[in-house]
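The values are calculated or read from the model by the stated rules, or taken from the named source; none is laboratory data. Because the structure is a prediction, the values reported are computed rather than measured. Cβ: placed from backbone, ideal geometry, glycine included. Neighbour counts: every protein chain shown. Accessible surface is based on the protein model in full, side chains and every heavy atom, while ligands, DNA and RNA are left aside. Shrake-Rupley method; radii C 1.70, N 1.55, O 1.52, S 1.80 Å.
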Amino acid sequence: REERIAPGAWLLHGFVSEIADTLLDAARQVAVQAPFRHMLTPGGHRMSAAMTNCGTAGWVSDAHGYRYQRTDPDTGKPWPSMPEVFRQLAKQAAATAGFPDFIPDACLINRYQPGTRLSLHQDRNERDINAPIVSVSLGLPAIFLFGGNRRSNKPQRYRLAHGDVAVWGGPSRLAYHGVAPIANGHHPATGECRINLTLRKAL
Ligand code: MD3
Ligand code: FE
């Protein structure tokens, strides 16, 4: 089921249900080379989600700010390459939402445990804001907060379940968004966590 939540913003419910295990296996392989870690915000706070990356560039946060870089700051090595299945699914999801020819070069992998949240923010560290962002939800469900284009807007709440994909582009590309604290639970595919893949054209 395809649900348009705002101009340029689509929820594709169950879009990756059939390949969820394949995506999780690939994400686990990435995490062998580049383990999940809690980055620090520029203000010095530990981020509540654990993160890693794959692709040409990875999203990092530290005392110097938020940015994309080609190497893992923990190892100095390039990020693991992006699994082909990630690139394919991102291209297909973006095309379904009306953004043909999307080729991501960065995938941030977020791991949420119960209680983990992500406060309302905009994604604005990518060079080309004309490219959409594709996000994949795996494991425990989340309440996604969609605030629209002004921080003062009261966020709308959407449930994102295992296998759901969201695409954000055009007039919604700079929308405020976040994730409410994850509820306790168990999911057969991931155990006690939610994994989110966020595919972007960063460079
Ligand atoms: C709406 N991650 O990593 S993905 C992030 O579930 C991030 O891990 C969340 O926000 C997560 O930056 C949400 C959905 C998402 C991603 C980018 C967006 C929603 C967006 C950009 C614009 C509007
Ligand atoms: Fe975001």
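Yes or no, residue by residue, for (1) surrounded by fewer than 18 Cβ atoms within 10 Å (Cβ to Cβ); (2) closer than 14 Å to Pro141 by Cα; (3) of a type in the set (Gly, Ala, Ser):
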{"position": "Ala161", "(1), (2), (3)": "yes, yes, yes"}
{"position": "Val165", "(1), (2), (3)": "no, yes, no"}
{"position": "Trp168", "(1), (2), (3)": "no, no, no"}
{"position": "Arg173", "(1), (2), (3)": "no, no, no"}
{"position": "Pro181", "(1), (2), (3)": "yes, yes, no"}
{"position": "Asn184", "(1), (2), (3)": "yes, yes, no"}
{"position": "Thr190", "(1), (2), (3)": "no, yes, no"}
{"position": "Leu199", "(1), (2), (3)": "no, no, no"}
{"position": "Leu203", "(1), (2), (3)": "yes, no, no"}
Pick from the stretch 95-121 the residues that are within 14 Å of ligand 2 (Cβ to nearest atom) and among the hydrophobic types (A, V, I, L, M, F, W, C): which of them is nearest to Ala175 (Cα to Cα)?
Leu120
Condition first: within 12 Å of ligand 1 (Cβ to nearest atom), in contact with a Pro (Cβ under 8 Å, 6 or more places away or on another chain) and open to solvent by 40 Å² or more (accessible area, probe 1.4 Å). Can you find one or more residues in the stretch 140-158 that meet it?
yes
Have a look at Ser152, Ser172 and point out the one that is among the hydroxyl-bearing types (Ser, Thr, Tyr) and at pLDDT below 95.
Ser152
Scan the stretch 119-132 and tell me whether some residue there is closer than 18 Å to His13 by Cβ and either within 13 Å of ligand 1 (Cβ to nearest atom) or of a type in the set (Asp, Glu) (or both).
yes
Tally of residues being within 12 Å of ligand 1 (Cβ to nearest atom) and either of a type outside the set (A, V, I, L, M) or more than 27 Å from Ala26 (Cβ to Cβ) (or both) across the stretch 160-179:
12
For the stretch 1-53, give me each residue that is part of a loop (DSSP other than H, G, I, E, B), in contact (Cβ under 8 Å) with a residue 40 or more places away in the chain and polar (S, T, N, Q).
Ser48
For the stretch 95-113, what are the residues that are open to solvent by less than 50 Å² (accessible area, probe 1.4 Å) and over 24 Å from Arg150 (Cα atoms)?
Phe102, Pro104, Asp105, Ala106, Cys107, Leu108, Ile109, Asn110, Tyr112
Any residue at all in the stretch 122-139 that's surrounded by 18 or more Cβ atoms within 10 Å (Cβ to Cβ) and more than 15 Å from ligand 2 (Cβ to nearest atom)?
yes
The number of residues in the stretch 131-153 that are touching a residue at least 24 places away in the same chain (Cβ under 8 Å) and farther than 30 Å from Asp21 by Cβ is 5
Is it fair to say Arg70 is more than 17 Å from the chain's Cα centre (by Cα) and more than 16 Å from ligand 2 (Cβ to nearest atom)?
yes
